[in-house]
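Data first, discussion second: the structure below is written as structure tokens.
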Amino acid sequence: MHFQGVFIKTVSILAVSQSVVTALPTEEINSLETRAKATKVKCDEISKYTVPYFISKTCKRPAKSSCLFYTRGLSKAARTYSKADGHSMTTIWEMWPSSWYNNNVKDTKNPLRCIIQDKAKRNTYFTNMSTAMAQMCDIFATVMTKDINNVPQDGIWAKAEFPTLQASGNQGKVLQIEMITQDGKQTKHLWVRGKKARRALENRQATPEELEQEEEVEEEFEELPVEKRDGDDFDPADPNNELEEVEETVEKRDGDDFDPADPNNELEEVEESVEKRDGEGEVDPADPEEELEPVEEEVEKRAASCGSSVDAAAFDQGGAYVVTW
């Protein structure tokens, strides 16, 4: 009888315990649902990531003559080469916030997870990112490829990056493009700007048709008034006749008062933040106790989070999320 009483008592305790576990209060259930929703964000639409959007959100613009592109299978190799042996080159993997390269498709807080899982959207995403980079390159660009005599023509390099580098009207102006192999030991000139320069590169003479066309263009240019050759403010020291375009671009990047010493074009934003924190409407650089330090720390934090932390090989052939470079 004593054993039976203990058994009944134990069963009763277990039953009570079970009821406590399963019967959560309504407010606690609502709290758990709220927390679950907070850990999941909506997937971004691919339409958000246009070329202009990528350009406007870059956290590191490539320095002159530093752009390094690559063809398929060389994402990781190019990124390694760009910083090896004293090189200071820039690939797409250093130009945007680290979260923009997140390939964790199981992370419900990753707004790129739907794009990364979809091959077509993934290619569009990296094509637009690459095109944005090409528009910002200036003076000289390099492309890494496995065979400098047989460059793939069906990927992002041939279809997007190369044509963009050759175009006029970009934020930068590339004058020459060179190819290198994965180890950097073999090089070959690929393209130079200007018909005469390209003929010299190809080691050939101009055809009669080319000479006639060039002569017509020069005559038309000579007949133009000086003001129309370069806009209202013609600068004869500007051989590329792009002075106004450059000035307008600079003003758009940083507002009316451009500070060339501010490479990230964040001076005005920083000053506004300081003014708001200080409350006086004026920034006093002579005041060591000024609340400038928190703002500077924020800018440094942004720079530190710039660039991919994932293995670029994940987007190469054989990787989990192949991109047709």
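The values are calculated or read from the model by the stated rules, or taken from the named source; none is laboratory data. From a predicted model like this one, the values you see are computed outputs, not experimental measurements. Reconstructed Cβ throughout: ideal geometry from the backbone, glycine too, with neighbour counts over all protein chains shown. Note: accessible area is taken over every heavy atom of the protein model, side chains too, but ligands, DNA and RNA are not part of it. Shrake-Rupley method; radii C 1.70, N 1.55, O 1.52, S 1.80 Å.
For the condition basic (Lys, Arg), out of contact with any Ser or Thr (no Cβ under 8 Å at 6 or more places or on another chain) and in contact (Cβ under 8 Å) with a residue 12 or more places away in the chain, what is the one hit in 113, 72, 79?
None of the others qualify; the one that does is 113.
Only one of these conditions is not met by residue 173: (1) modelled with pLDDT under 95; (2) crowded, with 19+ Cβ neighbours inside 10 Å. Which number is it?
(2)
If a residue must be open to solvent by less than 100 Å² (accessible area, probe 1.4 Å) and either in a strand (DSSP E or B) or modelled with pLDDT of 70 or more (or both), how many such residues does segment 183-210 contain?
Residues meeting the conditions: 13.
Can you name the helices (runs of 4 or more DSSP H) wholly within segment 39-121 that have at least 2 residues being open to solvent by less than 60 Å² (accessible area, probe 1.4 Å), within 27 Å of residue 142 (Cα to Cα) and among the hydrophobic types (A, V, I, L, M, F, W, C)?
Hits in segment 39-121: 51-57, 75-83.
Say whether the condition of being more than 21 Å from residue 58 (Cβ to Cβ) and either crowded, with 19+ Cβ neighbours inside 10 Å or over 16 Å from the mean Cα position of the chain (by Cα) (or both) is met by at least one residue in segment 156-163.
Checking segment 156-163: at least one residue is more than 21 Å from residue 58 (Cβ to Cβ) and either crowded, with 19+ Cβ neighbours inside 10 Å or over 16 Å from the mean Cα position of the chain (by Cα) (or both).
Out of the residues in segment 142-170 that are closer than 23 Å to residue 126 by Cβ, assigned to a loop (DSSP other than H, G, I, E, B) and among the polar types (S, T, N, Q), which is modelled with the highest pLDDT?
145
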